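Below you'll find the structure, written out as structure tokens, and then a few comments.
The values are calculated or read from the model by the stated rules, or taken from the named source; none is laboratory data. Owing to the predicted nature of the structure, the values given are computational and were not obtained by experimental measurement. Neighbour counts are summed over all protein chains in view; Cβ atoms, including those assigned to glycine, are modelled from backbone coordinates with ideal geometry.
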């Protein structure tokens, strides 16, 4: 059966692309400028450190959600979204996972 892109899946996919382009730009800028990425996140003062911890906790929760939800739905190779987060951005991989999850749920709804 053909997999359809639902409006929700398209929104998630669009957000994934915004996350990829936006974070790629600033990550590249950080590397070109020779900055210490983690040092800037956790050493830039209390407010920046708070944001760093906030994002770290969200990243862990997202990883747990991806593992649990992919097993529940029978999605294969979901670990790729977690690994890709380390080399791209969670702002890209999490909405991408949600788009693929939406497609899987749409497929399951259409199956008899």
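Test residue 99 against the criterion of being in contact (Cβ under 8 Å) with a residue 24 or more places away in the chain and either within 23 Å of residue 19 (Cα to Cα) or assigned to a helix (DSSP H, G or I) (or both), and give yes or no.
For residue 99, the condition - in contact (Cβ under 8 Å) with a residue 24 or more places away in the chain and either within 23 Å of residue 19 (Cα to Cα) or assigned to a helix (DSSP H, G or I) (or both) - is met.
Picking from 19, 39, 52, which residue would you name as being at pLDDT below 90, in a helix (DSSP H, G or I) and out of contact with any helix residue (DSSP H, G or I) (no Cβ under 7 Å at 6 or more places or on another chain)?
Sole residue among the options that is at pLDDT below 90, in a helix (DSSP H, G or I) and out of contact with any helix residue (DSSP H, G or I) (no Cβ under 7 Å at 6 or more places or on another chain): 39.
What number of residues in segment 69-87 are out of contact with any helix residue (DSSP H, G or I) (no Cβ under 6 Å at 6 or more places or on another chain) and under 21 Å from residue 28 (Cα atoms)?
3
When you look at residue 45, is it out of contact with any helix residue (DSSP H, G or I) (no Cβ under 9 Å at 6 or more places or on another chain) and at pLDDT below 80, yes or no?
yes
Any chance segment 84-91 includes a residue that's within 27 Å of residue 7 (Cα to Cα) and without any contact (Cβ under 8 Å) to a residue 60 or more places away in the chain?
yes
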